[in-house]
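The values are calculated or read from the model by the stated rules, or taken from the named source; none is laboratory data. Just so we're clear, the structure is a prediction, and the values are computed from it rather than from any experiment. Cβ atoms come from the backbone with ideal geometry, glycine included; neighbour counts cover every protein chain shown. With ligands, DNA and RNA removed, areas are computed over all heavy atoms of the protein, side chains included. Shrake-Rupley method; radii C 1.70, N 1.55, O 1.52, S 1.80 Å.
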Amino acid sequence: MKLLVLNGPNLGRLDLRDSAIYGTLNFTELSQLIMECAINHGFEPDIRQSDSESEIIGWLHEAADAKTPVIFNPAAFTHYSHAIGDAAAMLKAPLIEVHLSNPLAREEFRHTSVISPVAAGTIAGFGPASYELAIRAMQGLVGSLGGSTA
Ligand code: DQA
């Protein structure tokens, strides 16, 4: 089964961000880890990153049309992009929201997520392991929905 792993703005420059918050992996290394974990859980991962709201909305439309499950780190768009929230609401397969950091333990503006209301669940605060936990959760979800992960 295909699995779309979407990453929002500034995650492409992960190694240049505050390492106390985001760790030391660069985006290529993070993608490698996600790729291996997803394959080990029987998914065909498609990992993408964009700084553009419009591009991410297009990818969510694509996932809705293809009924593809989505693991999504919307980055700063999490907190204010109702356009992305509306696109996520149209998905047909589950979406799991992930964050490297724990937004609820950070500044006030990060305490709101416009994605959480349409997500099956949110995993935050575990660094790259947030993605691994989300992949594991997704395997359980699509399995329980009768999908195949093979
Ligand atoms: C983030 C948390 C967001 O608040 C922030 O804007 C990001 C990354 C995370 O993965 O911890 O860019 O989504």
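Taking the conditions exactly as written (away from the ligand (no atom under 16 Å from the Cβ), on the phi < 0 side of the Ramachandran plot and in a loop (DSSP other than H, G, I, E, B)), does Leu141 satisfy them or not? Lay out the reasoning, then the answer.
Working: away from the ligand (no atom under 16 Å from the Cβ): yes; on the phi < 0 side of the Ramachandran plot: yes; in a loop (DSSP other than H, G, I, E, B): no.
No: the conditions fail for Leu141.
Mind counting the residues in the range 8-24 that are open to solvent by 80 Å² or more (accessible area, probe 1.4 Å) and touching a strand residue (DSSP E or B) at 6+ places or on another chain (Cβ under 8 Å)?
0
Restricting the search to the range 85-99, which residues are away from the ligand (no atom under 14 Å from the Cβ), open to solvent by less than 10 Å² (accessible area, probe 1.4 Å) and under 20 Å from Ile135 (Cα atoms)?
Ala88, Leu95
Arg13 versus (1) within 12 Å of the ligand (Cβ to nearest atom); (2) in contact (Cβ under 8 Å) with a residue 24 or more places away in the chain: which is the lone unmet condition?
So Arg13 meets the others, but not (2).
If you take the residues of the range 52-66 that are of a type in the set (A, V, I, L, M) and in contact with a strand residue (DSSP E or B) (Cβ under 8 Å, 6 or more places away or on another chain), which of them is nearest to the ligand (Cβ to nearest atom)?
Looking at residues that are of a type in the set (A, V, I, L, M) and in contact with a strand residue (DSSP E or B) (Cβ under 8 Å, 6 or more places away or on another chain), I get Ile56.
Cβ-Cβ below 6 Å, separation at least six or inter-chain, first residue in the range 67-81 and in contact (Cβ under 8 Å) with a residue 12 or more places away in the chain and of a type in the set (S, T, N, Q), second open to solvent by 20 Å² or more (accessible area, probe 1.4 Å) and within 11 Å of the ligand (Cβ to nearest atom): which pairs?
Thr78/Ser113
Can you tell me which condition Pro69 does not meet? The list is (1) surrounded by fewer than 20 Cβ atoms within 10 Å (Cβ to Cβ); (2) away from the ligand (no atom under 14 Å from the Cβ), and all the others hold.
Failed condition: (1).
Report, ordered by the first and then the second residue, all pairs with beta carbons closer than 6 Å, sequence separation of six or more or different chains, a first member in the range 18-30 that is assigned to a helix (DSSP H, G or I), and a second member that is buried (at least 17 other Cβ atoms within 10 Å of the Cβ) and hydroxyl-bearing (Ser, Thr, Tyr).
Ile21/Ser101
Taking into account only those residues within the range 100-118 that are among the aliphatic types (A, V, I, L, M) and without any contact (Cβ under 8 Å) to a residue 40 or more places away in the chain, which is farthest from the ligand (Cβ to nearest atom)?
Residues of the range 100-118 that are among the aliphatic types (A, V, I, L, M), as a first pass: 100, 104-105, 114-115, 118.
Imposing the further condition that a residue be without any contact (Cβ under 8 Å) to a residue 40 or more places away in the chain reduces the set to 104-105, 114, 118.
Details: Leu104: 10, Ala105: 10, Val114: 12, Val118: 16 Å.
Looking at the filtered set, the residue picked out is Val118.
State all residues of the range 43-58 that are assigned to a loop (DSSP other than H, G, I, E, B) and open to solvent by 30 Å² or more (accessible area, probe 1.4 Å); if no residue qualifies, say none.
So the first thing to find is which residues in the range 43-58 are assigned to a loop (DSSP other than H, G, I, E, B), and the list is 43, 50-52.
Across the range 43-58, the qualifying residues are Asp51, Ser52.
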